[in-house]
Amino acid sequence: MQYDVVIIGAGLGGLECAYILAKNGLKVCILEKSDVIGGALQSFKRAGTEFDTGFHYVGGIEAGQSLYPLFKYFNLLHLPWHKLDTDCFDKIVIDGRSFRHANGYKHFTDTLAEDFPSQKDSLRKFVDVIASTAARVNAVINEPTSAYDIFSDSLFSTSTRDYLSSCFSDKLLIDVIAGSGLKIDITQKNLPFFIFAEISNAYIQSAYRLECEGSAIVESLSDDVRQMGGEIFTKKEVVSIAVKDGKACGVTTTDGDFYESDWIVSDVHPAVTISFAEDSFRNIYKRRIRSLNQTLGMFTVNIKLKKDTLPYRNYNEFIYDKADMWSFDADKPVDRVMVSYHYGAPSLDLMTPMSWKQVEQWADTAVGKRGAEYEAFKARKVQECLRLVPEIADAVESFTTSTPLTWHDYTSAPQGGAYGISKDCNSLSNIMLSPVTQIPNLILTGQNLNIHGVMGVSMTSVLSCNRIIKTKIL
Ligand SMILES: Cc1cc2nc3c(=O)[nH]c(=O)nc-3n(C[C@H](O)[C@H](O)[C@H](O)COP(=O)(O)OP(=O)(O)OC[C@H]3O[C@@H](n4cnc5c(N)ncnc54)[C@H](O)[C@@H]3O)c2cc1C
């Protein structure tokens with residue numbers, strides 16, 4: 001089997017790389033270890049209800065906004081996108097008080113200024129700064145070579161917490177602004193401001209969820225890849241990368257099949273990718289990659305609601321027991337949840353950060369056979385989550401859960417980290433990984449490299465493929 005490019009992993013990053021490369025006439029194939037493609041974008045069915053795993057909403061998909069050019073290029077605009085409430089796409093509840101994040105820079109500012117009138121000028125400055133910071137990050141799509149220069153800017157090596165503290169004198173407003181940060185690993189005190197700015201900016205521009213399951217993104221991309229001649233194989237777990245004359249030249253899967261190719265793109269976590277060609281990476285690189293911290297994992301409760309109990313909400317809720325986004329302590333009872341409703345279905349997801357340490361003792365057990373203690377641990381966590389949302393607790397018909405162990409099993413993410421490698425503003429040059437590896441012709445892609453999420457992974461796919469072909473997105 002001979003290809004121009006073999007892609008390891010059919011997560012969003014792998015599918016988008018296949019899309020770009022096939023569109024540019026290359027013969028590509030994707031090898032996916034699971035029996036379902038999509039990685040963190042998979043959907044699944046329980047008790048007749050569809051649930052999503054790692055997708056709830058996107059921002060900035062209208063013409064002129066951040067994600068629009070990428071979604072246009074990847075033919076994702078035709079999906080049934082449903083706009084969340086413009087007056088409140090994210091509702092932040094802290095200690096029982098509610099605050100609204102609204103769409104549009106002015107509307108966002110004016111809405112929060114109703115609750116924090118003395119901070120109006122600071123809010124104006126904040127939206128200007130996130131818009132200009134995001135514009136700088138977005139420019140990287142057109143000028144991939146500038147990608148690693150921008151980290152030298154002082155704003156790029158500032159933490160989100162420090163920037164917000166310097167911008168606002170009202171501590172509660174800082175928590176309200178950072179309140180939707182459960183989708184950004186906000187608990188990380190050194191989370192670089194540019195990541196927060198890039199993601200928040202897109203959602204302030206506009207926020208959409210799908211009227212169907214999130215796997216529609218995966219279906220659209222995979223259909224197009226196949227139509228352009230690309231091949232996608234499931235149940236094909238890559239175990240090694242062959243290196244000949246110093247260059248990557250193919251991969252072997254667990255069943256012994258060999259796929260020869262000129263280039264290899266890995267959408268798998270870099271620490272796992274290293275293990276495919278252990279002897280060909282320098283020790284210093286291996287040590288560096290393996291020493292990087294992972295983001296926290298996520299505990300998710302996928303809930304089917306009793307019929308006609310809780311009406312659909314066209315916004316997300318971020319509910320905190322008390323203020324201070326950065327006070328997360330895995331050993332304490334759950335004190336924060338994100339709630340995401342499903343369009344047109346009596347179901348929703350509750351999510352809260354969870355550390356690997358909490359589930360590590362069951363790491364050597366198999367899915368479905370982790371034992372009574374694990375089940376009791378999860379049942380306790382479900383009750384802790386539901387305590388924060390009593391209305392929902394009363395409406396639960398049935399539920400299913402996932403932990404960082406589940407993520408680890410399904411995507412191979414070390415420690416089940418929800419957003420991959422943790423980004424620390426104090427060591428950007430160490431943490432922001434180039435797609436280029438020490439093995440010529442082996443390229444990395446996916447959420448671990450730059451920014452996670454649909455926006456970040458899509459940008460990174462372009463950067464990764466630019467090492468193979470020059471492609472024009474805009
Ligand atoms: C709970 C949660 C909610 C989220 N919500 C949102 C959201 O609302 N909006 C948003 O934009 N983003 C969201 N995200 C983030 C987003 O889902 C991810 O950033 C993105 O899907 C990651 O894609 P990826 O391709 O980098 O990695 P992955 O999806 O992890 O893909 C890696 C693929 O490689 C495969 N693989 C691993 N090892 C091998 C091997 N040896 N051989 C072959 N294949 C292999 C895996 O099975 C997987 O399919 C969320 C994430 C989480 C965890």
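The values are calculated or read from the model by the stated rules, or taken from the named source; none is laboratory data. Computed from a predicted structure; not experimentally measured. We place every Cβ from the backbone using ideal geometry, glycine too, and count neighbours over all the protein chains shown. Just the protein is used for accessible areas: all its heavy atoms, side chains included, with ligands, DNA and RNA removed. Shrake-Rupley method; radii C 1.70, N 1.55, O 1.52, S 1.80 Å.
In summary, strands (runs of 3 or more DSSP E) completely within region 215-299 and bearing 3 or more residues that are crowded, with 18+ Cβ neighbours inside 10 Å occur at 238-244, 247-253, 258-266.
Table: residues versus (1) under 12 Å from the mean Cα position of the chain (by Cα); (2) open to solvent by 10 Å² or more (accessible area, probe 1.4 Å); (3) within 14 Å of the ligand (Cβ to nearest atom).
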{"site": "Pro435", "(1), (2), (3)": "no, no, yes"}
{"site": "Pro440", "(1), (2), (3)": "no, yes, no"}
{"site": "Leu444", "(1), (2), (3)": "no, no, yes"}
{"site": "Asn450", "(1), (2), (3)": "yes, yes, yes"}
{"site": "Gly453", "(1), (2), (3)": "yes, yes, yes"}
{"site": "Met459", "(1), (2), (3)": "no, yes, yes"}
{"site": "Val462", "(1), (2), (3)": "no, no, yes"}
{"site": "Asn466", "(1), (2), (3)": "no, yes, no"}
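Considering only residues in region 255-269 that are more than 11 Å from the ligand (Cβ to nearest atom) and of a type in the set (Gly, Ala, Ser), the one that is farthest from Ile30 (Cα to Cα) turns out to be Gly256. Note on region 205-214: residues that are at pLDDT 95 or above and either assigned to a helix (DSSP H, G or I) or in contact with a strand residue (DSSP E or B) (Cβ under 6 Å, 6 or more places away or on another chain) (or both) amount to 5. Can you run down the residue pairs with Cβ atoms below 7 Å, 6 or more apart or on separate chains, where the first is in region 140-166 and closer than 28 Å to Ser122 by Cα and the partner is open to solvent by 70 Å² or more (accessible area, probe 1.4 Å) and modelled with pLDDT under 95? Every condition considered, the pairs that remain are Ile150/Arg136; Phe151/Ser429; Ser159/Lys189; Arg161/Lys189. The numbered conditions (1) surrounded by fewer than 17 Cβ atoms within 10 Å (Cβ to Cβ); (2) in contact with a Phe, Trp or Tyr (Cβ under 6 Å, 6 or more places away or on another chain) are all true for Ser166 except (2).
List the residue pairs whose Cβ atoms are under 8 Å apart, where the first residue sits in region 256-271 and is among the aliphatic types (A, V, I, L, M), the second is open to solvent by 50 Å² or more (accessible area, probe 1.4 Å), and the two are 6 or more positions apart or on different chains. As it stands, the answer is Ala271/Arg290, since those pairs meet every condition given.
Rundown of residues vs (1) within 16 Å of the ligand (Cβ to nearest atom); (2) assigned to a loop (DSSP other than H, G, I, E, B), yes/no style:
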position: Glu50; (1), (2): yes, no
position: Asn75; (1), (2): no, yes
position: Asp87; (1), (2): no, yes
position: Ser98; (1), (2): no, no
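Filter region 230-254 for residues that are more than 24 Å from the chain's Cα centre (by Cα) and within 23 Å of Gly25 (Cα to Cα) and give the result. Gly230, Glu231, Lys247, Ala248, Cys249, Gly250, Val251 - these are the residues of region 230-254 that are more than 24 Å from the chain's Cα centre (by Cα) and within 23 Å of Gly25 (Cα to Cα).
Out of Asp110, Asp87, report the one residue that is surrounded by fewer than 19 Cβ atoms within 10 Å (Cβ to Cβ) and farther than 22 Å from Ser340 by Cβ.
The match here is Asp110.
Listed here are the residues, each with its yes/no results for (1) within 15 Å of the ligand (Cβ to nearest atom); (2) aromatic (Phe, Trp, Tyr); (3) more than 30 Å from Lys306 (Cα to Cα); (4) not in a loop (DSSP other than H, G, I, E, B).
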{"site": "Cys17", "(1), (2), (3), (4)": "yes, no, yes, yes"}
{"site": "Val36", "(1), (2), (3), (4)": "yes, no, no, no"}
{"site": "Lys45", "(1), (2), (3), (4)": "no, no, no, yes"}
{"site": "Ala63", "(1), (2), (3), (4)": "no, no, yes, no"}
{"site": "Ser66", "(1), (2), (3), (4)": "yes, no, yes, no"}
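Out of the helices (runs of 4 or more DSSP H) lying entirely within region 105-204, which hold 2 or more residues that are under 27 Å from Cys17 (Cα atoms) and either modelled with pLDDT of 95 or more or in contact with a helix residue (DSSP H, G or I) (Cβ under 6 Å, 6 or more places away or on another chain) (or both)?
It comes to 120-138.
Number of residues in region 38-55 that are open to solvent by 40 Å² or more (accessible area, probe 1.4 Å) and over 19 Å from Phe299 (Cβ atoms): the value is 4. Does Gly64 qualify as being more than 29 Å from Ile303 (Cβ to Cβ) and either of a type in the set (Ser, Thr, Tyr) or open to solvent by 10 Å² or more (accessible area, probe 1.4 Å) (or both)? Yes: the conditions hold for Gly64. Cβ-Cβ contacts under 7 Å between residues 6 or more apart (or on different chains), taken from a first residue in region 420-431 that is of a type in the set (Asp, Glu) to a second residue that is part of a helix (DSSP H, G or I), are listed as Asp424/Ile431. The set of residues in region 424-474 being assigned to a helix (DSSP H, G or I), of a type in the set (A, V, I, L, M, F, W, C) and under 29 Å from Trp356 (Cβ atoms) consists of Cys425, Leu428, Ile431, Val454, Met455, Val457, Met459, Leu463.
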